[in-house]
Amino acid sequence: MEQATNFKRELLANLPSLRAFAISLVGRHHEADDLVQDTILKAWAKQEQFEMGTNIKAWLFTILRNELYSKLRKRGREVQDSDGLLTESLAQHPAQYGALDMHDFQKALAQLPAEQREAIVLVGASGLSYEEAAEISGCALGTIKSRVNRARQKLQEILKITDEDEFGPDAVSAPLTSRAFVS
């Protein structure tokens, strides 16, 4: 009984990370929520296969990833949106600079090969170690490190980032935001 309670607690604690990972993979909140729900149902049904004390986050991410790949195989094919026209028609143009930057980043992220996108999301956005990401992806540690490195380089290329100064507020906003944090 206590093991089921601990399992439930661990499962619930990982819901935000699972949802964020799912959104990064499918890009649409409603599909990501469905994917997380399917993952939780599958994990709950297979909880006797999980060994308490091991990495439940990696286990859940693996289930989610496998569930996504199963759904994609069942569909037979994905909708191609190479030029971004479909995405542009579905998205609203944000009013704030941060939202615009995030939009640019999401478009750049979508241009990465699936393996690189998955690797950088696992390590960069989900905060997993390279070892955990390699386990989830089912590849060698060196392979995941290489994928993350290539993804970072490609994102810099796509976003035309050449200098550290290009991060953060622009020249007009910087003086305003820096004053807000001076005590």
How many residues, within region 139-183, are part of a helix (DSSP H, G or I), open to solvent by less than 60 Å² (accessible area, probe 1.4 Å) and modelled with pLDDT of 80 or more? 9
Can you pull out the residues in region 110-124 that are within 17 Å of Ser82 (Cα to Cα) and among the small types (Gly, Ala, Ser)? Ala110, Ala114
In region 8-32, anything open to solvent by 70 Å² or more (accessible area, probe 1.4 Å) and touching an Asp or Glu at 6+ places or on another chain (Cβ under 8 Å) is listed as Arg19
Residues (at pLDDT 90 or above, over 14 Å from Trp59 (Cβ atoms), small (Gly, Ala, Ser) and under 12 Å from the mean Cα position of the chain (by Cα)) located in region 108-138: Ala110, Ala114, Ala119
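The values are calculated or read from the model by the stated rules, or taken from the named source; none is laboratory data. Being a predicted model, the structure only gives us computed values, none of them experimental. For neighbour counting, all protein chains shown are included, and Cβ atoms are generated from backbone atoms with ideal geometry for every residue, glycine included. Protein only, heavy atoms only, side chains kept; ligands, DNA and RNA dropped before computing areas. Shrake-Rupley method; radii C 1.70, N 1.55, O 1.52, S 1.80 Å.
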